[in-house]
Amino acid sequence: MKNLQGKIPLLLSLVLISLCIILSFKKLRHWEGIPLIAGIVLASLYCIWILLELKVSVGEVKMEKTAGDRWTMEFYALSQGAVVIAALAVPTLWKESGVWVYLGMGIFIGAIILRLSAIIMLGDFYSHRVRLQEDHAIIDRGPYRFIRHPAYAGMLFAHAGFVIFFFNVPSVICFAILCVSVIIRIRVEERMLFHIAGYREYSEGRKRLIPLVW
């Protein structure tokens with residue numbers, strides 16, 4: 001199939017949206033009250049988020065192949081999907097409404113705002129694949145003033161909120177794998193980013209995902 005690599009982000013996004021809708025319906029039909037309402041909102045926001053990023057996935061179809069990310073996109077995309085599937089397919093351990101409803105929802109919404117603001121700030125430089133453009137420049141505005149990879153941070157914390165809300169052991173395990181996949185991807189990506197003039201200076205004093213931590 002021509003440019004299969006370029007189609008993978010789009011295909012994975014569509015599959016994830018479909019599974020999220022199906023599994024959310026099966027899970028939430030047994031819920032009631034505040035958890036039911038919050039669950040519907042959270043699952044809907046997740047699907048809307050992925051839909052908003054479909055524009056980037058569609059753009060990847062037209063781009064040339066790249067070996068720069070060494071299949072790390074597939075690894076972390078599948079890990080991301082595993083988190084959602086595990087959270088929705090396996091029974092939630094919370095038995096009644098509690099602080100987990102508001103904590104999970106709050107973390108999720110805040111993280112999505114962080115990720116989308118980072119993507120908007122990057123503009124045409126944002127890609128699902130690790131690649132450098134001819135006019136690639138360093139962005140140090142918005143959330144990039146504080147951390148080097150706010151888009152990845154937003155993605156991780158969004159799934160952390162999702163796991164907290166639909167808490168079960170398999171989803172926690174999948175989230176741990178997702179964290180590993182993102183760390184590996186960042187390592188691969190930064191090997192390329194350090195070829196941009198000024199990136200080394202930009203990286204000094206800024207952590208990758210969490211200020212003062214890493």
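The values are calculated or read from the model by the stated rules, or taken from the named source; none is laboratory data. Quick caveat: nothing in here was measured; it's all calculated off a predicted structure. Cβ: placed from backbone, ideal geometry, glycine included. Neighbour counts: every protein chain shown.
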Qualifying positions in segment 172-205 - under 20 Å from M73 (Cα atoms) and of a type in the set (K, R): R185, R187, R191
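So that you can scan it fast, the table gives a plain yes or no per residue for (1) touching a Cys at 6+ places or on another chain (Cβ under 7 Å); (2) exposed (fewer than 14 other Cβ atoms within 10 Å of the Cβ); (3) within 17 Å of L10 (Cα to Cα); (4) modelled with pLDDT under 90:
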{"residue": "E64", "(1), (2), (3), (4)": "no, yes, yes, yes"}
{"residue": "A67", "(1), (2), (3), (4)": "no, yes, no, yes"}
{"residue": "I112", "(1), (2), (3), (4)": "no, no, no, no"}
{"residue": "Y126", "(1), (2), (3), (4)": "no, no, yes, yes"}
{"residue": "R129", "(1), (2), (3), (4)": "no, no, yes, yes"}
{"residue": "E134", "(1), (2), (3), (4)": "no, yes, no, yes"}
Test: residue in segment 179-186 that is part of a helix (DSSP H, G or I), polar (S, T, N, Q), farther than 16 Å from Y46 by Cβ and touching a Gly at 6+ places or on another chain (Cβ under 9 Å): no
Test: M121 is under 15 Å from the mean Cα position of the chain (by Cα) and either farther than 15 Å from M73 by Cα or buried (at least 17 other Cβ atoms within 10 Å of the Cβ) (or both): no
Residue satisfying all of: in segment 87-101; over 16 Å from the mean Cα position of the chain (by Cα) and surrounded by 14 or more Cβ atoms within 10 Å (Cβ to Cβ); farthest from C179 (Cα to Cα) among these: S97
